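**Student:** Got a structure for you, written out below as structure tokens; questions coming shortly.
The values are calculated or read from the model by the stated rules, or taken from the named source; none is laboratory data. Since we're looking at a predicted model, the values are computed, not measured. Neighbour counts are summed over all protein chains in view; Cβ atoms, including those assigned to glycine, are modelled from backbone coordinates with ideal geometry.
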Amino acid sequence: MKELSKFSDWLNEKFYEPSKSIKHELDTLVAALEKQHIGGRPFFDALDASIKTILDRDIIFALLKGNENEWVVSSGEFGDIVYKLWEDGKIKCKGILVFNGKMLTNKIGVRSYYPKDFDISKKTFVYVDDSHFSGSTVKKIGDYLSEHKSSISAVNVIYDGSKEKKKNVNSFFRYYN
């Protein structure tokens, strides 16, 4: 069953140690949302929308820390931000591939990716995003990549709202224990 408590109690699966300022910023956000929403989908929708308002370089840098020798894949608006930081030389990795967003919301699936000249075959990627729920977006992208003999080895997100803990999903915090 779900346990909703302070952010510091949620930080139970560290794949790195986010800075105190990131913890404080997220803790403040979550505390405010806890007052407005009991939980479930309304809480997650509000958290997803709110997290986009506090996305700054520090959070994204922390999320991508340790991936200098990895191929990175992302999607949507978050992927656009990550790609721009990489293009500007602020993030180090082998390369970044960004797929279209809203593939589930708009029921459009994988439609496009950039850069168009990216060779997607025979690579192992780390998927990065702000959130993870059912894993459907990662699955759709993973299925597409597998058609090109590529795969996703890990999922790194700011928060994990999936009911079942998946071993390859790393997050700053989980909503469910």
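**Student:** Taking residue 73 as the residue in question, decide whether it is under 22 Å from residue 54 (Cβ atoms) and among the aliphatic types (A, V, I, L, M).
**Tutor:** no
**Student:** Further question: Considering only residues of the stretch 150-166 that are surrounded by fewer than 17 Cβ atoms within 10 Å (Cβ to Cβ) and hydroxyl-bearing (Ser, Thr, Tyr), which is farthest from residue 46 (Cα to Cα)?
**Tutor:** Top of the filtered list is 151.
**Student:** Here is a check on your reading of the model: is residue 45 surrounded by fewer than 16 Cβ atoms within 10 Å (Cβ to Cβ) and either more than 17 Å from residue 156 (Cβ to Cβ) or without any contact (Cβ under 8 Å) to a residue 24 or more places away in the chain (or both)?
**Tutor:** Considered against the rule, which asks whether it is surrounded by fewer than 16 Cβ atoms within 10 Å (Cβ to Cβ) and either more than 17 Å from residue 156 (Cβ to Cβ) or without any contact (Cβ under 8 Å) to a residue 24 or more places away in the chain (or both), residue 45 comes out as yes.
**Student:** Related question: For the stretch 143-165, name all the residues that are at pLDDT 90 or above and either more than 18 Å from residue 70 (Cα to Cα) or among the acidic types (Asp, Glu) (or both).
**Tutor:** 143, 144, 147, listed by residue number.
**Student:** If you take the residues of the stretch 20-39 that are surrounded by 13 or more Cβ atoms within 10 Å (Cβ to Cβ) and part of a loop (DSSP other than H, G, I, E, B), which of them is modelled with the highest pLDDT?
**Tutor:** This residue is 37.
**Student:** Among the residues of the stretch 127-160, write down those that are touching an Asp or Glu at 6+ places or on another chain (Cβ under 6 Å) and closer than 17 Å to residue 96 by Cα.
**Tutor:** As a first pass, look at the stretch 127-160 and keep what is touching an Asp or Glu at 6+ places or on another chain (Cβ under 6 Å): 131-132, 157-158.
The answer is 157, and nothing else.
**Student:** With the condition kept exactly as written, say whether any residue in the stretch 74-85 is of a type in the set (S, T, N, Q) and under 14 Å from the mean Cα position of the chain (by Cα).
**Tutor:** Within the stretch 74-85, one or more residues are of a type in the set (S, T, N, Q) and under 14 Å from the mean Cα position of the chain (by Cα).
**Student:** Looking at the stretch 63-116, which of its residues are modelled with pLDDT of 90 or more and among the polar types (S, T, N, Q)?
**Tutor:** 69, 74, 75
**Student:** Restricting the first residue to the stretch 117-142 and requiring it to be modelled with pLDDT under 95, which pairs with a second residue that is among the charged types (D, E, K, R) meet a Cβ separation below 6 Å and a spacing of at least six or different chains?
**Tutor:** Taking only residues 6 or more apart or on different chains, the pairs are 131/48; 132/160.
**Student:** Right, another one. Going through the stretch 40-56 one residue at a time, which ones are charged (D, E, K, R) and either under 14 Å from the mean Cα position of the chain (by Cα) or not in a helix (DSSP H, G or I) (or both)?
**Tutor:** 48, 52, 56
**Student:** Test of understanding: among 74, 121, which residue is hydroxyl-bearing (Ser, Thr, Tyr) and touching a helix residue (DSSP H, G or I) at 6+ places or on another chain (Cβ under 6 Å)?
**Tutor:** Matching residue, one of 74, 121: 74.
**Student:** Find the residue count for the stretch 60-71, including only residues that are over 11 Å from residue 91 (Cα atoms) and either among the aliphatic types (A, V, I, L, M) or touching a strand residue (DSSP E or B) at 6+ places or on another chain (Cβ under 8 Å) (or both).
**Tutor:** Qualifying residue count for the region: 2.
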